[in-house]
Amino acid sequence: MSLIAELERTRDETVRYFNLGQDELSLTYGPGKWSVRYVLLHLTHTETTFIERIQRTLSESRPVLWFMQQDSWATGLEYDKMPLELAGPLYEASRNMIIYYAREYYASRGQLEFIHSVTGLRTLKDEFDKVAVHNENHLNQIRTALRATAAAR
């Protein structure tokens, strides 16, 4: 599957989950793991982080980009209270912008480099590829949470 098709597929599946009921949003994919709600909010915020990384890599010479401390974001941004009706459209708009950038620059400027504060030297292509893999990983967590409930019924 092409990168663009994967970005669109994961976007479409993720957007649907923002409309789940409160009971389903509170499910977790394992003991002590984040709820579906938290995973969706994390996906929203990582999309905005990915956009910044992409934009800075396109605009600056080998920028240094910082690691996102996801647990600190969940606490500091109060994921338990954050309205999903605001987060869903932000996720979708952010993903649409990433798809635009991927179409425009994956092949032509994908070799551009940045320094990640934890993983070191990376390329724009690496970051675009990470967006799709990251989203799919979290979709698997959501599917697992929802399947466990369906199996219990």
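All conditions but one from (1) acidic (Asp, Glu); (2) within 15 Å of the chain's Cα centre (by Cα); (3) surrounded by fewer than 16 Cβ atoms within 10 Å (Cβ to Cβ) apply to residue 113; the one that does not is (2). Which condition does residue 13 not pass, out of (1) more than 14 Å from residue 143 (Cα to Cα); (2) surrounded by fewer than 21 Cβ atoms within 10 Å (Cβ to Cβ), if it passes all the others? Evaluating residue 13 over (1) more than 14 Å from residue 143 (Cα to Cα); (2) surrounded by fewer than 21 Cβ atoms within 10 Å (Cβ to Cβ) leaves (1) as the failure. Of everything in segment 94-153 that is among the small types (Gly, Ala, Ser) and touching a residue at least 24 places away in the same chain (Cβ under 8 Å), the residue that is farthest from residue 35 (Cα to Cα) is 102.
Within segment 98-124, being under 17 Å from residue 2 (Cα atoms) and aliphatic (A, V, I, L, M) holds for 98, 99, 102, 107, 124.
Being at pLDDT 95 or above, crowded, with 16+ Cβ neighbours inside 10 Å and under 25 Å from residue 3 (Cα atoms): is that true of residue 87 here? Steps first, please.
On the way: at pLDDT 95 or above: yes; crowded, with 16+ Cβ neighbours inside 10 Å: yes; under 25 Å from residue 3 (Cα atoms): yes.
Spelling it out, residue 87 is indeed at pLDDT 95 or above, crowded, with 16+ Cβ neighbours inside 10 Å and under 25 Å from residue 3 (Cα atoms).
Looking only at residues in segment 116-143 that are among the polar types (S, T, N, Q) and surrounded by 15 or more Cβ atoms within 10 Å (Cβ to Cβ), the one that is nearest to residue 103 (Cα to Cα) is 123.
Note on segment 61-77: residues that are in contact (Cβ under 8 Å) with a residue 12 or more places away in the chain, exposed (fewer than 13 other Cβ atoms within 10 Å of the Cβ) and not hydrophobic (A, V, I, L, M, F, W, C) amount to 1. The one condition from (1) more than 15 Å from residue 93 (Cα to Cα); (2) surrounded by 17 or more Cβ atoms within 10 Å (Cβ to Cβ); (3) touching an Asp or Glu at 6+ places or on another chain (Cβ under 8 Å) that residue 50 does not meet is (1).
In this structure, residue 48 does satisfy being in contact (Cβ under 8 Å) with a residue 12 or more places away in the chain and assigned to a helix (DSSP H, G or I).
The values are calculated or read from the model by the stated rules, or taken from the named source; none is laboratory data. Owing to the predicted nature of the structure, the values given are computational and were not obtained by experimental measurement. Cβ coordinates were reconstructed from backbone atoms using ideal geometry, including for glycine residues, and neighbour counts include every protein chain displayed.
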